[in-house]
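Engineer: Structure in structure tokens, see below.
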Amino acid sequence: MMRLPAYLIMILSTMTIVVPDAWSQGLLDRLFDKTTESAQRKAQDRVNQRIDQSIDNAVNKTEETVKCVATDPDCIKKAKDAGKKVETVESQPRSSVASDTMKCTITDSACMKQAKQLGKKVDLVEEADLEVLRCSASDADCLKRAKAAGKKVEITD
């Protein structure tokens, strides 16, 4: 029988101790990574769920509320008959811009059409400069941006 040199015996014995330890360390690292990813996914899912609930609540509130000019009794009566809440508004909205001007974003064609119908000039502004964002009830991105910016929402449809 051939005798192995001492240095080979030390290398082989070290490998039998170190390799399983390194393998188990890699296993623990992978397990920790998967747990971290799972926790992050769960937290993101909860955040998304809360955003969706907030959007649903906002949409429900706007569907349950009708805006009427205080001097329009027909609008108020129709809203009450339909079981909706009535929010009275001024006939001329207050604005920091002159009363003959409306603030619109470049992508808000409905705002521009409304300004044209009312005979007003259009002041093109960035969305961040608006106090109230105009969103379609089905436009979740717009509603999320409004919520994130802490802006009021005017439902356009």
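No lab work stands behind these numbers, since they all come straight from the coordinates. Fair warning: this is a prediction, and the values are worked out from it, not measured in the lab. Here the Cβ is made from the backbone with ideal geometry for all residues, glycine too, and neighbour counts use every protein chain on show.
Engineer: Pop a pseudo-label 7 angstrom from the Cα along the beta-carbon direction at both Asn48 and Lys80 and give the gap in nm to one decimal.
Structural biologist: Computed distance between label sites Asn48 and Lys80 equals 4.5 nm.
Engineer: Oh, and also: Determine the gain in length on full extension of the stretch Lys121-Asp157; use 0.36 nm per residue of separation and subtract their C-alpha separation, reporting nm with one decimal.
Structural biologist: In short, 10.7 nm is gained.
Engineer: OK, next. If you line up the Cα atoms of the range 92-157 on their principal axes, what length do they span on each, largest first, in Å?
Structural biologist: Largest to smallest, the principal-axis extents are 31, 22, 20 Å.
Engineer: For Met102, what residues show an amide H to amide H distance below 5 Å, using hydrogens built from the backbone and excluding near sequence neighbours?
Structural biologist: Residues meeting the amide H criterion: Lys121, Val122, Asp123.
Engineer: Explain nothing, just the number: relative contact order of the range 92-157, from Cα pairs under 8 Å at least 6 residues apart, as a whole percent.
Structural biologist: In percent, rounded to a whole number, it is 26.
Engineer: With each label point set 7 Å from Cα along the Cα-Cβ vector, what nm distance links Ala140 and Glu64?
Structural biologist: Rounded to a tenth, the inter-label distance reads 2.2 nm.
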